[in-house]
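These notes concern the structure reproduced below.
Derivation of every value follows stated rules applied to the coordinates shown; laboratory data play no part. All values reported here derive from a predicted model rather than from experimental measurement. Methodologically, a virtual Cβ is constructed for each residue, glycine included, from the backbone with ideal geometry; neighbour enumeration extends over all protein chains shown.
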Amino acid sequence: MRKKVIAGNWKMNMLPNEAIEYINQLTPLVKDSKNEVILCVPYTDLFYALLTAQNTNIKIGAQNMHFEEKGAYTGEVSAKMLKSINVEYVIIGHSERRQYFNETDETVNKKIKAAFENGLKPIVCVGETLEQREEGKAVEVITKQTELALEGLTKEEVKSTIIAYEPIWAIGTGKTATSEDANNAIKEIRNKIEQIYGKEVAEDVIIQYGGSVKSKNAKELFTMSDIDGGLVGGASLDPEEFSKIVNYDI
Ligand code: 13P
């Protein structure tokens with residue numbers, strides 16, 4: 001049985017004092033959950049979030065990283081740097097980074113490899129645009145993105161990768177994919193992984209849904225056969241709302 005993994009992506013929100021207060025509020029609300037709880041926070045919150053989440057079941061992740069270990073890359077942060085302060089997870093290839101910051105399938109693949117080399121667990125985002133969907137190309141786009149992202153990884157690494165299927169048209173728009181559509185898209189991603197890495201890997205890999213997940217739709221989405229939890233943007237900014245998403249099964 002795959003476990004459910006619910007991750008909040010705060011994006012460019014929350015100052016350190018707000019992060020501390022948030023985590024203190026969230027802690028008692030999710031302490032009994034058997035689902036994995038992750039908060040992916042801005043770089044400036046990481047250290048405070050890690051300290052505040054110590055001795056809780058809340059894990060902390062970053063939202064991006066560079067694939068090089070060090071060097072003349074002004075403004076960038078490496079996997080080694082994240083690992084040095086005990087960050088556990090890192091989002092890679094979020095559509096906002098692909099759209100605004102020139103992230104490509106190639107850099108995504110390099111970043112995932114660097115994350116594993118440094119003991120970080122990547123949460124890798126794939127998803128189609130509205131135009132691609134309307135042209136009937138959604139499956140082709142997301143399976144190709146998955147294939148290129150995972151290229152050259154070992155089976156064990158693929159098993160430890162979290163994939164987040166986030167249709168771009170559903171992000172921050174209030175439009176959610178229907179649970180059937182999301183489940184079918186995730187099945188296609190799982191099939192692609194099975195073709196390349198075998199059935200055992202495909203059955204173990206966690207694949208989340210992301211895009212306007214809220215407490216109102218979490219249960220319907222997360223109880224589908226292939227949806228292993230969610231990557232939550234806007235609704236993760238309020239600890240109470242986020243706790244209801246984490247506790248969708250209680
Ligand atoms: P929203 O939940 O705000 O639609 O954002 C989804 C997302 O991009 C999570 O990474």
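Pairs of Cα atoms nearer than 8 Å and 6+ residues apart set the relative contact order; for the stretch 52-160 it is 24 percent.
Under 18 Å of direct C-alpha separation, and excluding same-chain neighbours fewer than eight residues apart, residue 187 reaches these aspartates and glutamates: 128, 140, 147, 166, 200, 203, 204, 220, 226, 228. For residue 229, the residues whose amide H sits under 5 Å from its own are 5, 209, ignoring neighbours fewer than 5 places away on the same chain, with H placed 1.01 Å from N. Protection proxy ranking of 182-189, 236-243, by the mean of other Cβ atoms within 10 Å over each peptide's residues and highest first, is 182-189, 236-243. All alpha carbon pair distances within the chain were sorted into 5 Å bins beginning at 0; the resulting P(r) in whole percents reads 1, 7, 15, 19, 21, 18, 13, 6, 1, 0.
The Cα atoms of the stretch 103-187 give a gyration tensor whose axes a ≥ b ≥ c have a/c of 1.5 or more with a/b greater than b/c, which makes the shape prolate.
Is there a pair in 83/159; 31/216; 34/214; 111/175; 11/192; 83/155 whose C-alpha atoms are over 25 Å apart, and which pairs would that be? Over 25 Å Cα-Cα: 111/175; 11/192. Computed from the C-beta positions of residue 25 and residue 57 and an R0 of 22 Å, the FRET efficiency is 0.90 to the nearest 0.05. When the chain is treated as a GNM with alpha-carbon contacts under 10 Å, the residue of 204, 228, 32 showing the greatest mean-square fluctuation is 32. For residue 64, the residues whose modelled amide H falls within less than 5 Å of its own, excluding neighbours fewer than 5 places apart on the same chain, are 91.
With 10 angstrom as the radius, rank 2, 190 by how many other C-beta atoms surround their C-beta, starting from the fewest.
On the way: 2 13, 190 22.
Arranged by neighbour count, lowest to highest, 2, 190 become 2, 190.
On the basis of the beta-carbon distance and an R0 of 25 Å, residue 220 and residue 191 show a calculated FRET efficiency of 0.65. Our summary gives the chain a relative contact order of 21 percent, counting only alpha carbon pairs under 8 angstrom and 6 or more residues apart. The label-point distance for residue 135 and residue 200, in a model that sets each label 7 Å from Cα toward Cβ, rounds to 3.9 nm.
Each Cα pair under 8 Å and six or more residues apart adds its separation to the average, and for the stretch 1-52 the resulting relative contact order is 57 percent. Whole angstrom only: what separates the Cα centroid of the stretch 110-149 from the Cα centroid of the stretch 199-250? Between the Cα centre of the stretch 110-149 and that of the stretch 199-250, the gap is 18 Å.
Here's the picture: charge each Lys and Arg Cβ at +1 and each Asp and Glu Cβ at -1 in the chain, and of 210, 62, 100 the one pushed furthest to the positive end of that dipole is 62.
The 3J(HN,Hα) values that the Karplus relation (6.51, -1.76, 1.60; θ = phi - 60°) gives for the stretch 88-103 are, in residue order, 9, 10, 8, 6, 10, x, 4, 4, 5, 6, 5, 6, 9, 10, 6, 5 Hz. Gly and Pro appear as x.
Residues of the stretch 234-250 with amide nitrogen under 20 Å from the 7 Å Cα-to-Cβ point of residue 1? Within reach of a label on residue 1: 245-250.
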